[in-house]
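The values are calculated or read from the model by the stated rules, or taken from the named source; none is laboratory data. Nothing here was measured: the structure is a model prediction, and the numbers come from that model. Here the Cβ is made from the backbone with ideal geometry for all residues, glycine too, and neighbour counts use every protein chain on show.
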Amino acid sequence: MMAVTNLIFLSGPHGGGKTTLEKKLRECCPAILVPDLVTKNPKFHTDPVERITLKLCERAIENYEALQIAKAHPDRIVLGNRCVYDADAYADAYLALGWITKEEHADQHRFARFAFPKELHEPYAIVLNPPFEVVKEQLQKRWLKEEQKWMEDDFDYCRAACTAYEQFDNERTIWYLRDCQDVQRIATLMQRIAFQQTPPEERVRLVCK
């Protein structure tokens, strides 16, 4: 099933700079709409198996809402926060850390395909995955202003997440970034994809590089 072109997600490890990139994109591209979702979910501070399952459900519900908003606003680029790629990456990170078993890992991947909308099984997304040392430094700076989130001070967890996101380099519907320096180019690419100004074969090349 073809991805909805005017719905593009921001994905990547915690501390990677997604919030900063979102702000810069909104400043340089008026067509971008960051939806104020009705869906409100509590913070999940529980054991890893329960947490990853609850977070998957949370993201799936948010994706459903973002999809409806994108369909209702075909003249806008709806910028969503995280998608099925994040569910996959964090399941891989949890497995690498030994937090979930191979069976639980397989269950997560199967459940993600059940929970997320079929139209968003391969969504368009920007995966921002800076080098681990950059992410670590950004997290430490963030803690000067904000409280730490779940397990953020576990740098093995952070490193595992960064490693897991590397799988998305050169995927068909993903633009994989190591930094967010060229914001104007990113915004231009988003507009070309969202409003289908790019032929399918050229779109693959542009998204991947």
Taking segment 41-87, which residues are buried (at least 18 other Cβ atoms within 10 Å of the Cβ) and of a type in the set (Phe, Trp, Tyr)? TYR85
From the options CYS158, CYS162, residue that is modelled with pLDDT of 95 or more, crowded, with 16+ Cβ neighbours inside 10 Å and touching a Pro at 6+ places or on another chain (Cβ under 6 Å): CYS162
For segment 135-166, enumerate the residues that are over 19 Å from ILE52 (Cβ atoms) and touching a residue at least 60 places away in the same chain (Cβ under 8 Å). VAL135, LYS136, GLN138, LEU139, ARG142
Does VAL4 qualify as being surrounded by 19 or more Cβ atoms within 10 Å (Cβ to Cβ), β-branched (Val, Ile, Thr) and modelled with pLDDT of 95 or more? no
Read through the list (1) over 24 Å from ILE186 (Cα atoms); (2) in contact with a Pro (Cβ under 9 Å, 6 or more places away or on another chain), then give the number of the only condition that ASP92 fails. (2)
Residue in segment 20-41 that is assigned to a helix (DSSP H, G or I), modelled with pLDDT under 95, within 30 Å of ASP107 (Cα to Cα) and out of contact with any helix residue (DSSP H, G or I) (no Cβ under 7 Å at 6 or more places or on another chain) present: no
With the requirement that a residue be in a loop (DSSP other than H, G, I, E, B) and surrounded by fewer than 18 Cβ atoms within 10 Å (Cβ to Cβ), what does segment 89-134 give you? GLY98, THR101, PRO117, HIS121, GLU122, PRO131
Sort out which residues of segment 58-88 are in a helix (DSSP H, G or I), more than 9 Å from PHE9 (Cβ to Cβ) and in contact with a strand residue (DSSP E or B) (Cβ under 8 Å, 6 or more places away or on another chain), and write them in order of number. GLU62, LEU67, ILE69, ALA70
Looking only at segment 132-175, how many residues end up being touching an Asp or Glu at 6+ places or on another chain (Cβ under 9 Å) and over 17 Å from ASP86 (Cα atoms)? 4
